[in-house]
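Just below is one structure, and these are the notes that go with it.
The values are calculated or read from the model by the stated rules, or taken from the named source; none is laboratory data. Everything numeric in this text was worked out from a predicted model, so none of it was measured. Cβ placement follows ideal geometry from the backbone for every residue including glycine, while neighbour counts extend to all protein chains displayed. For accessibility, only protein heavy atoms count, side chains too; no ligands or nucleic acids. Shrake-Rupley method; radii C 1.70, N 1.55, O 1.52, S 1.80 Å.
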Amino acid sequence: MKIQNYLDILPTYFDSDTAKGVAGRVLIGKDDGANNFCMRIFELSKDGYSPRHSHEWEHEIFICSGKGAVFNNGEWLNVESGYSIFVPSNEEHQLKNTSDDPFVFVCIIPSGAPEM
């Protein structure tokens with residue numbers, strides 16, 4: 001069993017043309033013996049965004065805090081703390097922070113996909 005505060009995990013930072021103001025952490029992954037899924041948490045700073053992309057695996061997202069928007073089928077949909085998002089395989093998607101506060105979400109992907 002692993003029990004840990006996510007803030008004790010060193011983040012990986014992304015800050016480029018495709019992803020801005022993103023801190024990502026692997027909460028539970030292959031190094032923990034997780035054979036089926038990987039759980040990650042991302043924090044998007046003010047004006048931060050993930051890359052717009054698609055991939056062959058599905059994933060599930062839960063918004064922990066803040067307000068943001070998710071790109072879905074050519075439009076931006078507002079989301080906030082308490083919302084869940086299911087992203088089917090091969091669907092283009094992107095998340096962005098739309099507030100001054102951090103936008104924090106958990107993302108679960110299948111094992112075998114890049115963890116970070």
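Quick notes on this structure:
- When Rg and the Kirkwood Rh are both derived from Cα coordinates, the Rg/Rh ratio for the stretch 3-52 amounts to 1.04.
- Accessible-area value, residue 26, 1.4 Å probe, nucleic acids and ligands omitted, Å²: 40 Å²
- Against the rule of thumb 2.2 N^0.38 Å, how large the Cα Rg of the chain comes out: 1.01
- Charge tally in the Cβ shell below 15 Å around residue 47, where Lys, Arg are +1 and Asp, Glu are -1, residue 47 excluded: -1
- Assigned charges on the beta-carbon of Lys, Arg, Asp, Glu; the chain dipole about Cα centre (debye): 160 debye
- For the stretch 17-78, the mean projected area of the C-alpha convex hull, equal to one quarter of the hull surface, is 5.3 nm².
- Label zone of residue 16 (point 7 Å out along Cα→Cβ, amide N under 16 Å): in the stretch 72-116 this covers 114-116.
- Where N is the number of residues in the stretch 49-116, Cα Rg divided by 2.2 N^0.38 Å: 1.06
- Under Karplus coefficients 6.51, -1.76 and 1.60, residue-wise ³J(HN,Hα) of the stretch 22-35 in Hz, glycine/proline x: 10, 10, x, 9, 8, 7, 9, x, 4, 5, 9, x, 6, 8
- Remark: relative contact order (the stretch 60-107) = 52 percent; criterion is Cα-Cα distance under 8 angstrom and separation of 6 or more residues.
- Charged neighbours of residue 87, selected by a Cβ distance under 10 Å, balance to -4 (K, R count +1; D, E count -1).
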